[in-house]
Amino acid sequence: MKKELIICSCIVIAIVIANILTQGYTKEVVVYMDQELQNLKEELLEEVVNEEKVAGKITNIREEWEQSYQKLAYFIEHDELEKVETELSSLQANIEVKEYKQGIPDLQKCIFILNHIKDKSSLQIKNIF
């Protein structure tokens, strides 16, 4: 009986530690992406859009997302990550054809989905039940 209790305790502790680590990484990625997307939004809302600056920002955001996606895919549902990928692709396409105002709804959806992922993956009572 004592042996089983020790094994169960070790498993529970390992699960809690893994959850804390994955939650921390998810929050870190979401905060960074949210910040970068908000900066991009400000650039897109200016009357005269600096095309090179906006193109550089979306490229950096996509590169960062691709790196983060590889790690997030281990512990977050792929459906959620694919939604972010879709919105980023739409946003990038709008920027490439210089339809900056049409890219803003895609940007907002992307921010919403990222925050939804963060909330969904956090350890809260509403997520348990």
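The residue that is farthest from SER89 (Cα to Cα), among those in region 1-48 that are of a type in the set (A, V, I, L, M, F, W, C) and surrounded by 12 or more Cβ atoms within 10 Å (Cβ to Cβ), is VAL31. Residues of region 67-86 include at least one that is polar (S, T, N, Q), under 17 Å from LYS118 (Cα atoms), out of contact with any Ser or Thr (no Cβ under 8 Å at 6 or more places or on another chain) and not in a loop (DSSP other than H, G, I, E, B). Restricting region 49-58 to residues that are assigned to a helix (DSSP H, G or I) and without any contact (Cβ under 8 Å) to a residue 12 or more places away in the chain, the residue that is surrounded by the fewest Cβ atoms within 10 Å (Cβ to Cβ) is GLU52.
Answer yes or no: is there a residue in region 91-100 that is in contact with a Leu (Cβ under 7 Å, 6 or more places away or on another chain), touching a residue at least 24 places away in the same chain (Cβ under 8 Å) and among the aromatic types (Phe, Trp, Tyr). Within region 91-100 (the criterion being in contact with a Leu (Cβ under 7 Å, 6 or more places away or on another chain), touching a residue at least 24 places away in the same chain (Cβ under 8 Å) and among the aromatic types (Phe, Trp, Tyr)), the answer is yes, since at least one residue qualifies.
Only a single item in (1) touching a residue at least 24 places away in the same chain (Cβ under 8 Å); (2) among the hydroxyl-bearing types (Ser, Thr, Tyr); (3) touching a helix residue (DSSP H, G or I) at 6+ places or on another chain (Cβ under 6 Å) is not met by TYR32, and it is number (3). When THR59, THR26, THR86 are checked against the criterion of being in contact with a helix residue (DSSP H, G or I) (Cβ under 7 Å, 6 or more places away or on another chain), of a type in the set (Ser, Thr, Tyr) and modelled with pLDDT of 90 or more, a single residue qualifies: THR26.
The values are calculated or read from the model by the stated rules, or taken from the named source; none is laboratory data. Nothing here was measured: the structure is a model prediction, and the numbers come from that model. Note that each Cβ is placed from the backbone with ideal geometry, even for glycine, and that neighbours are counted across all protein chains shown.
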